[in-house]
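These notes concern the structure reproduced below.
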Amino acid sequence: MTMLYANLYVCTRVCIVCDHRMIFMCHLLCYNLYVYFSDCRVELASMEATNILPILKKRLAFLSGGKDRRSGLILTIPLCTEQTSMEELSSTLDYLLGIPSDKCKARGFTVIVDGRKSQWNIVKTVVLMLQNVIPAEVSLVCVVKPDEFWDKKVTHFCFWKEKDRLGFEVILVSANKLTRYIEPCQLTDEFGGSLVYDHMDWVNKRLVFEKFTKESTSLLDELVVINESEKSNQLDKERPPDCNFLPSLDPETVLQTGHELLSELQQRRFNGSEGGGVAWSPMDDELLAQPQVMKLLDSLREQYTKYQEVCRQRSKRSQLEEIQTKVMQVVNWLEGPGTEQLRTQWGIGDSIRASQALQQKHEEMESQHSEWFAVYVELNQQIAALLSAGDEEDLVELKGLQQQLSDVCYRQASQLESRQNVLQSAHEFHGTAQDLSQQLDGLLGMLCADVVPTDGAAIQQTLKHLEEKLKSVEGSLAGLREKGQVVMDQMSNQTTWSYGKDVPIENKENIDHIQGVMEDMHLRKQRCEDMVDVRRLKMLQMVQLFKCEEDASQAVEWLGELLDALLKTHIRLGDDAQETKALLEKHKKFVDVAQSTYDYGRQLLQATVVLCQSLRCTTRSSGDTLPHLNRVWKQFTVTSEERVHRLEMACSFHTAAEKVLVQASPEQGDLPVEVEQETYEEVETVGKALLDRLTVPVIFPDGSEQYFGSPGDMASSAVHIRDKMKLVEGRKLTLHEEDEDVEQLQYDQIHDQDKELQDDQELQEVDKELLDGEELELETDTQKS
């Protein structure tokens, strides 16, 4: 092939300087070369774009979509400065000319050979090639000449002389005059036209079109075979279906590609770029692209719809068979290994740890069951979906499978739940039993520990805490009995599925265990109650002991307060005998109160002795409170006796003084009553003794001393006594001076009485005489009457 191109180049160079015969020999050589190319054309025509894609990308020739004034297609061959491969150009032309329809080809082609960047011999070779490739289809060949044109004489002679033999007209024209033969809108921008053409976009769209055509045709054949095979299987139901026969391509993908391609064709953008400008598509109705795509899409959709129904039927059959298989797997496992697991797991454990271990095993068993239950849920959904489809021939079988599966699963789930409830209740029972045991141990520890008495409030708090613990134990025991009864009720209703029927589970050992635990806890609680009663009695005695000691101390305090009040506030001796007697009576009542306080304290201390003997413990009162009580009581007794002595002396003093003052007072009669001398002496003696006693302190048995009141209070009482003693002494002197006056007064009174007696006698005589005269007159008047 290389030699042929070399010979062609040599002959062409000779033609420039040789005669016409030499030119003819050169043309003959070229003709033989294209005969060789034409022999390969049949083989190249059967190629697809993918087979010559590297050649097509070189843009050796292209159909821009433009048309001449006869509506013939424009074929452009852009020659370049580099050496053009005639074999590749021939392959490109064969491929391009195979695209248009026969009708379009009959209108002829206008070929534009762009020789502006090539040599004249290459242009001439290409023109002669057109005679062998498309001799009947070429109407006009426009050779675009460069600005520096070849030898006008040679070129003109060659073209017009070979015109008849070529069969088409060849013209030489510059690029700016090409519009004389072709409209500017049908020319690309390289020839000064406005037609937009993107060669790579055209190649890509062509690849899509050929790929769709090839894939859709292959897929259509496969779908027809599959649909026919499925139809034969439906007629012959005994024939096993060929479920593995599937199309090699995805119908959805092929249909999507076809719809996108059809959309491009309908928008007339197959051969144009997506930029601005006028776009023109050679693959329109004239090129049979759009009708061919639409026809393929229609056929493909029809067969794909049938194939979808075939797939649906296959899927339904496969799904039904798969459902039957899975249903039997679930049923066989649940009625076999699953039931055996439940039958062997019947214990409840003897402690909370054992029950937790059993719960863990049950959770593992539930985990295994959950996998099969998940299969059940999935199968139930699949069966429901098939039932909703409404195929009558499968309804009975599907409902039977669904019912069988539901019965087995619900029965197994019920037994699992029952077992879980028993284990949960047993765990709560053991937990409550453990808590109750710990509470009883704690209560027993409190009861066994020695009670160290501190005070009554602490013992009361301990007793309250003990009562609360016992109450909590009682509540926990009641809860234990309740939970134990729940467990026994659940176990009595527990059954298992064996050989197609419910079989009760033997739980006598578990029930005996629960009853034994409750009985043991009840006995322990009773023992603790007995110990609590003993401890309660002891603690109450201790509370009473502390209360007695506290009250005894309070009695001592009260007695001390009474003593203090006696010394500091009971200091008055009275202003007269009556007031002193009232104070004496009040003092006796005060002493009675102190006596009762002392007796109360003694009784409390005697009670503490008895309680200490009962509790076998020592008391603090025997060494402290009792001596203190006796000491205060002796001090109070001494003080009280001193108070009584002083009040009695004051009473004697006031009585004697008042006797003197009252008897010597002239208001008692006309003459004062004579007062005995002993009375005056008694007043003086008692008064002085009382004054002396007021200055003497109270001496307690332990040798200590204490005065009544303050010195000022004692001075006030002494002043009052002295004033009264002075009054009595003054009264005594006054009486001696008035004795004589009293005697004279008595004499005058006697004399006056005698004179008054004499006057009375005289008056009586006068009255008698008057009375006699009146009687005489009365008699005289009577007589006259």
*Among the numbered conditions (1) under 60 Å from the mean Cα position of the chain (by Cα); (2) touching a residue at least 24 places away in the same chain (Cβ under 8 Å), tell me where Leu567 comes up short.*
(1)
*Here is a list of conditions, (1) open to solvent by 50 Å² or more (accessible area, probe 1.4 Å); (2) over 30 Å from the mean Cα position of the chain (by Cα); (3) without any contact (Cβ under 8 Å) to a residue 12 or more places away in the chain, and Gln360 meets all of them except one; can you say which number that is?*
(2)
*Examine the stretch 719-728 for a residue that is in a helix (DSSP H, G or I) and at pLDDT below 80, and state whether such a residue exists.*
yes
*Among the listed residues Gln595, Gln613, which satisfies the condition of being modelled with pLDDT of 85 or more and part of a helix (DSSP H, G or I)?*
Gln595
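Yes/no per residue for (1) hydrophobic (A, V, I, L, M, F, W, C); (2) surrounded by 13 or more Cβ atoms within 10 Å (Cβ to Cβ):
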{"residue": "Thr325", "(1), (2)": "no, no"}
{"residue": "Trp333", "(1), (2)": "yes, yes"}
{"residue": "Gly338", "(1), (2)": "no, yes"}
{"residue": "Gly349", "(1), (2)": "no, yes"}
{"residue": "Tyr376", "(1), (2)": "no, yes"}
{"residue": "Gln382", "(1), (2)": "no, yes"}
{"residue": "Asp407", "(1), (2)": "no, no"}
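For (1) part of a helix (DSSP H, G or I); (2) closer than 16 Å to Phe636 by Cα; (3) acidic (Asp, Glu), each residue gets a yes or a no:
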| residue | (1), (2), (3) |
| --- | --- |
| Leu545 | yes, no, no |
| Glu550 | yes, no, yes |
| Trp558 | yes, yes, no |
| Asp564 | yes, yes, yes |
| His570 | no, yes, no |
| Lys581 | yes, no, no |
*Provide a single number: the residues in the stretch 87-107 that are outside any helix (DSSP H, G or I) and free of Cβ contacts under 8 Å to residues at least 40 places away in the same chain.*
1
*Right, Arg620: among the basic types (Lys, Arg) and either open to solvent by less than 20 Å² (accessible area, probe 1.4 Å) or at pLDDT 85 or above (or both) or not?*
no
*Residues of the stretch 169-191 being without any contact (Cβ under 8 Å) to a residue 60 or more places away in the chain and open to solvent by 60 Å² or more (accessible area, probe 1.4 Å), which ones?*
Glu169, Asn176, Lys177, Arg180, Asp189
_Condition broken by Lys57, with the remaining ones in (1) modelled with pLDDT of 85 or more; (2) under 25 Å from Leu207 (Cα atoms); (3) surrounded by 12 or more Cβ atoms within 10 Å (Cβ to Cβ) satisfied_ = (3)
*If a residue has to be more than 14 Å from Lys58 (Cβ to Cβ) and crowded, with 21+ Cβ neighbours inside 10 Å to count, how many in the stretch 79-99 make the cut?*
1
*Hey, among Ser355, Ser299, Ser273, Ser351, which residue is among the small types (Gly, Ala, Ser) and at pLDDT 85 or above?*
Ser299
*asked:* Take the residues in the stretch 215-233 that are surrounded by fewer than 14 Cβ atoms within 10 Å (Cβ to Cβ) and charged (D, E, K, R); name whichever of them is modelled with the highest pLDDT.
replied: Asp221
_Residue under question is Met531, and the condition is that it be of a type outside the set (Val, Ile, Thr), open to solvent by less than 90 Å² (accessible area, probe 1.4 Å) and either modelled with pLDDT of 85 or more or within 30 Å of Arg722 (Cα to Cα) (or both); does it hold?_
no
*Do any residues in the stretch 222-233 that are over 13 Å from Glu309 (Cβ atoms) have Cβ atoms under 8 Å from those of residues that are outside any helix (DSSP H, G or I) and modelled with pLDDT of 70 or more, where the two are at least six apart or on different chains, and which pairs are they?*
Glu222/Pro247; Glu222/Ser248; Glu222/Leu249
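The values are calculated or read from the model by the stated rules, or taken from the named source; none is laboratory data. Only a predicted model underlies this, so the values are computations on that prediction, with no experimental measurement involved. With ideal geometry, Cβ positions are generated from the backbone for all residues, glycine too; neighbour counts draw on all protein chains shown. Note: accessible area is taken over every heavy atom of the protein model, side chains too, but ligands, DNA and RNA are not part of it. Shrake-Rupley method; radii C 1.70, N 1.55, O 1.52, S 1.80 Å.
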